[in-house]
Amino acid sequence: MIPSNGLCVGLDVDLSKIPLHLRGRADAIVAFNEAIIGATRHVAACFKINLAFYEQYGREGIDAMYATRELCGTSYVIADAKRGDIGNTSAAYAKAVFDDLRADAVTVSPYMGSDSVGPFLAVPNKMVYVLALTSNAGSHDFQRCMVDGEPLYERVMRTALAWERRADIGFVVGATHAAELAALRSSFPDAPFLVPGVGSQGGDAATIRSANGTGPAVYNVSRGLLYIDATEDFATTVRVEAERLAALLA
């Protein structure tokens with residue numbers, strides 16, 4: 001079931017930032033994630049696995065990614081892959097994230113158009129989050145270009161909602177753009193949003209929650225939650241912070 005509102009815990013593991021007592025372990029990524037998932041599962045609406053953070057460590061990282069998916073169990077899992085390529089390549093990507101990794105949702109880039117997103121939308125009972133207005137500073141380079149009187153990110157959303165699909169469709173709208181998010185929520189009251197950028201990227205949880213109003217959204221926190229405590233008791237600190245954030249974002 002697609003989570004309608006709440007905290008999304010981003011499992012973006014950086015071995016240089018995890019507590020020192022775990023770094024020397026062969027299973028450091030899995031051990032860290034197991035502690036994070038255990039500390040947050042009771043308040044997390046979903047977990048987001050950013051594939052690049054595992055791919056960077058080669059085969060061991062890939063194995064850790066699959067182990068992390070198993071640790072998530074029946075929790076809702078978003079594969080943050082940002083895929084987008086010609087149709088047959090996207091079909092292979094869709095099979096990888098939905099059939100093999102068993103993700104419930106995926107992030108995709110719409111830059112190459114409908115046939116690049118179509119293979120993801122063809123899979124029933126999944127969620128496809130299309131990049132619209134992302135949280136990074138470079139989002140200004142293209143996403144805000146005006147197209148027939150409206151910003152490109154809004155054109156992307158209107159166009160994507162008209163595509164044929166069997167999956168659900170939502171949009172990535174960054175937490176660093178509170179005013180724009182509020183306007184988009186007014187224009188697209190029922191569209192599910194994935195809102196990254198709360199915490200380390202500068203998005204304020206209370207502000208962005210207010211901007212979204214009552215529309216369906218999950219708010220991703222990664223670095224601002226995972227690395228707030230480098231001691232051996234980090235999981236306790238993470239639990240407390242997750243509970244605080246979940247209350248703000250509910």
Task: Förster-model FRET efficiency, 22 Å R0, SER187 and MET112, C-beta, rounded to 0.05 - done: 0.35
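What GluC sites (Glu not before Pro) in the stretch 141-247 are in a loop by DSSP, with at most 11 other Cβ atoms within 10 Å of the Cβ? Walk me through the numbers on the way to the answer.
Numbers: sites: GLU154, GLU164, GLU180, GLU232, GLU241, GLU243; in loops: GLU164, GLU232.
Filter output for the stretch 141-247: GLU164, GLU232.
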Task: ARG25-ILE86 pseudo-label distance in nm [points 7 Å out on the Cα-to-Cβ vector] - done: 4.5
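Which of ARG209, ARG23 comes first, and how do the rest follow, when ranked by fewest Cβ neighbours within 10 Å?
Numbers: ARG209 21, ARG23 12.
Placing the least packed residue first, the sequence is ARG23, ARG209.
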Task: Segment GLN56-ALA250, length gained on full extension (0.36 nm per residue, minus Cα span) - done: 66.5 nm
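What's the exposure ranking of ARG83, ARG223, going from fewest to most Cβ atoms within 10 Å? Each step should come with its number before you reach the end.
Numbers: ARG83 21, ARG223 14.
Exposure proxy ranking, most exposed first: ARG223, ARG83.
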TODO: Work out Dmax and Rg for the stretch 116-175 from the C-alpha atoms and quote the Rg first, both in angstrom.
DONE: 12.4, 35
Open item on the list: With 10 angstrom as the radius, rank LYS95, LYS48, LYS82 by how many other C-beta atoms surround their C-beta, starting from the fewest.
Closed with: LYS95, LYS82, LYS48
Task: Dipole of the stretch 1-87 [Lys/Arg +1, Asp/Glu -1 at C-beta], most positive-end residue of LEU20, ASN5, THR68 - done: ASN5
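What are the DSSP H helices in the chain that stretch 15 Å or more along their long axis, judged by alpha-carbon atoms, and whose average Kyte-Doolittle hydropathy comes to at least 0.0? Can you show the working numbers first?
Details: long enough: 28-40 (18 Å, 1.51); 58-72 (21 Å, -0.40); 234-249 (22 Å, 0.78).
Qualifying helices: 28-40, 234-249.
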Task: Test item: Cα-centred dipole of the chain, Lys/Arg +1 and Asp/Glu -1 on Cβ, debye - done: 220
Task: Added length on full extension, which subtracts the Cα-Cα distance from 0.36 nm per residue, LEU161 to MET1 - done: 55.6 nm
Open item on the list: Please compute the Kirkwood hydrodynamic radius of the stretch 1-116 from all pairs of different C-alpha atoms, in Å with one decimal.
Closed with: 15.0
Open item on the list: Suppose each label sits 7 Å from its Cα in the direction of the beta carbon; what would the GLU70-ASP141 distance come out to in nanometres?
Closed with: 3.9
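Taken together, the values in this text are just the output of simple stated rules run on the coordinates, not laboratory data. None of these values were measured; they are calculated from a predicted model. With ideal geometry, Cβ positions are generated from the backbone for all residues, glycine too; neighbour counts draw on all protein chains shown.
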